[in-house]
Amino acid sequence: ARRAIAVLGDRSVVIAGAFNLVSGSARLRIAKLTASGSLDANFVVDVGSGTLHTIALQGDGRILIGGSFTSIDGVPRQGIARLNANSTLDTSFVPLPLSSFSRVRAIAVRADDIFQVPPGTVYLGGETDGTNRLERLTANGSLDGSFFRINSGPVFSMVTSGFGPVNYGAASGA
């Protein structure tokens with residue numbers, strides 16, 4: 001099942017979810033389709049075990065992925081990672097203490113400079129140690145200590161807009 005989709009600037013599409021085949025080729029949880037719809041054979045990511053729930057694109061072409069995984073390409077990453085446009089792991093993005101997020105369900109990237117929040121700021125919603133949270137990360141993936149962390153119901157979607165830093169959808173009572 002496909003859970004997330006992102007359209008890149010060249011009209012190619014990155015898809016993520018709970019699948020292991022795309023167009024008859026082995027692809028575990030993430031794949032890229034060209035603008036014509038064929039599988040991009042050069043885009044290969046080893047997600048290991050777990051599931052991908054969300055994808056977000058950054059303005060520089062890098063791809064943020066979130067889910068319930070513990071490694072990407074054999075490198076420990078707990079629920080959040082950033083890929084370069086060529087599908088390799090961006091090792092300059094070292095997210096959170098590795099035990100923080102057990103599942104990232106939503107990612108949003110600030111595209112413009114508003115409310116003194118720099119463009120490229122990353123917001124994530126997910127679960128940490130049984131608590132549902134909304135967090136903000138710095139450019140290198142560490143927690144932004146100036147952000148007021150929000151405990152909420154499970155966060156399933158987020159979007160940034162010109163009206164405020166982030167809007168999110170959460171389930172209450174869950």
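The values are calculated or read from the model by the stated rules, or taken from the named source; none is laboratory data. Computed from a prediction, not measured in an experiment: that's the story for all the values here. Accessible surface is based on the protein model in full, side chains and every heavy atom, while ligands, DNA and RNA are left aside. Shrake-Rupley method; radii C 1.70, N 1.55, O 1.52, S 1.80 Å.
The slack between Asp60 and Ser146, meaning 0.36 nm per residue of separation minus the straight C-alpha distance, is 28.5 nm. Segment Asn42..Ala26, full-extension length gain: 4.5 nm, with 0.36 nm per residue of separation and the alpha-carbon distance subtracted.
For the pair Thr51 and Ser102, the difference between a 0.36 nm per residue extended length and the Cα-Cα distance amounts to 17.2 nm.
In the stretch 12-101, carbon and sulfur make up what percent of the accessible area (probe 1.4 Å)? For the stretch 12-101, the apolar C and S fraction of the accessible surface comes to 53 percent.
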